[in-house]
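Below: the structure, in structure tokens.
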Amino acid sequence: MKKILLLAATVLLPLVAAAQTTRPALQFPDYQFTTVKANPITSVKNQASSGTCWSFSAISFLESEAIRLCNIKDEAKYPDLSEFYVVGTSYKERAEKFIRLDGKLNFSVGSGCGDALDVIKNHGIVPNACVTGVNYGTPLPQQSELDAILLAYVTAVSRSRKPSTAWKRGFASIVDEYFGKAPETFVVDGKTYTAASYRDALKINPDDYIELTSFTHHPFYTWFALEVADNWRGTQSYNVPIDEMMAVLDNALEHGYTACWGADVSHAGFTRDGLGILIDADATAAAVGSDQARWVGAAEDGRPAPMTTVIEAVPTQESRQTEFDDKTMTDDHGMHIFGIAKDQNGKKYYMVKNSWGETGKYKGIWYVTEAFVRAQTLDLTFHKSALTPQLKQRLGIR
């Protein structure tokens, strides 16, 4: 998944009437949110200029898992795990597969939660202090230079008639120089760990996690690898009806679990100011052009007055499939869903931790409607214990 840079700083949605003048723009209401349930999360991080949302969301999710599994009550003792240890290790493994496939593989920094789980399963995890990911002179990730170098490197090797015995060492040295090389051992709270033993001390077992998706081009209640370019490992998702996937999400949050969320955020209702609302453009435009808009009028500064209600579309299983097939729902961004809130009108929202820093009205937290999650989700990853009893039974999980 990759961070989408299409989102406006303010929430205005221009709507154009066919063969007529532009309809009035929208400004969302001033929402007031009340938390219904918020499960523990670590601090908001900033992926900055890198396509590493998949690792940031997965690490945030697993930090919350470690808090839950180890019953950590003191926020000062919350784990701070290295996103770029995962990114760098993934890059090394993808490079090897790229060469084996003669360059016939998507090679970019984007990936998914399943990739992070595979890295941690096979290599463990280290604290952020061990591999910061910014070993090249900037305070925040600025990864375009590295990405270009690595792509050029593996492309050149893939075109070699016989790759040298040095290419893997050379590739790894570039990654380690930019991100920082992980030590073989490190100390946390006075104890010495390896990456594998630290993973085990946090009680994280990557085999305990299940990725769900919901599309009709594969049978429900079967496994398949979601057909997106960043799923280079071929991570398998379990396919369930959308109603069932949403039921699992609610069950998880209500029982103290969180979810790693892969989603399309190119929709106009996903704003830079911490909102995710599945705007029904036609219905909302009709309301703006109605008698309501006439009487509400414009704000003193000439901007559209805030609407008292934003009308949402009603997503269905069929609309999800249509948008996936015609590429209007794409694999954009990874985030971490950790809670449920309600607005002043009692409408339900999911609380989402993003990785764009403490930005927006809610300092890096997004409030996303149920309709948005239902419509825009590519996949959700849960601990197997968070599944509903019905799905556990179907999967043979006790």
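The values are calculated or read from the model by the stated rules, or taken from the named source; none is laboratory data. These numbers were taken from a predicted model, which means no experiment stands behind them. Counting neighbours? That spans all protein chains shown, and the Cβs are built from the backbone with ideal geometry, glycine included.
Within the set Val154, Val175, the sole residue that is out of contact with any Ser or Thr (no Cβ under 6 Å at 6 or more places or on another chain), under 20 Å from Leu101 (Cα atoms) and surrounded by 15 or more Cβ atoms within 10 Å (Cβ to Cβ) turns out to be Val154.
Kindly check whether there is at least one residue in region 89-102 that is of a type in the set (Phe, Trp, Tyr), over 27 Å from His383 (Cβ atoms) and assigned by TED's automatic domain parsing to the domain that holds Gly170. For region 89-102, residues of a type in the set (Phe, Trp, Tyr), over 27 Å from His383 (Cβ atoms) and assigned by TED's automatic domain parsing to the domain that holds Gly170: present.
Okay, residues lined up against (1) of a type outside the set (A, V, I, L, M, F, W, C); (2) part of a loop (DSSP other than H, G, I, E, B); (3) over 24 Å from the mean Cα position of the chain (by Cα):
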residue: Val86; (1), (2), (3): no, no, no
residue: Thr89; (1), (2), (3): yes, no, no
residue: Ala95; (1), (2), (3): no, no, no
residue: Ile99; (1), (2), (3): no, no, yes
residue: Leu105; (1), (2), (3): no, yes, no
residue: Ile120; (1), (2), (3): no, no, no
residue: Val134; (1), (2), (3): no, yes, no
residue: Ala148; (1), (2), (3): no, no, no
residue: Arg161; (1), (2), (3): yes, yes, yes
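If the condition is being surrounded by fewer than 24 Cβ atoms within 10 Å (Cβ to Cβ) and touching a residue at least 40 places away in the same chain (Cβ under 8 Å), then region 111-125 contributes Asp118, Lys121, His123, Gly124.
For region 249-260, the count of residues that are polar (S, T, N, Q), over 17 Å from Gly112 (Cβ atoms) and modelled with pLDDT of 95 or more is at least one. Considering region 190-240, the qualifying strands (runs of 3 or more DSSP E), each wholly inside and each with 1 or more residues that are in the same structural domain as His383 (by TED's automatic domain parsing) and of a type in the set (Ser, Thr, Tyr), run over 209-213, 236-239.
Within region 202-222, the residues that satisfy the criterion of being surrounded by 15 or more Cβ atoms within 10 Å (Cβ to Cβ) and over 19 Å from Asp325 (Cα atoms) are Leu202, Ile204, Asn205, Pro206, Asp208, Tyr209, Ile210, Glu211.
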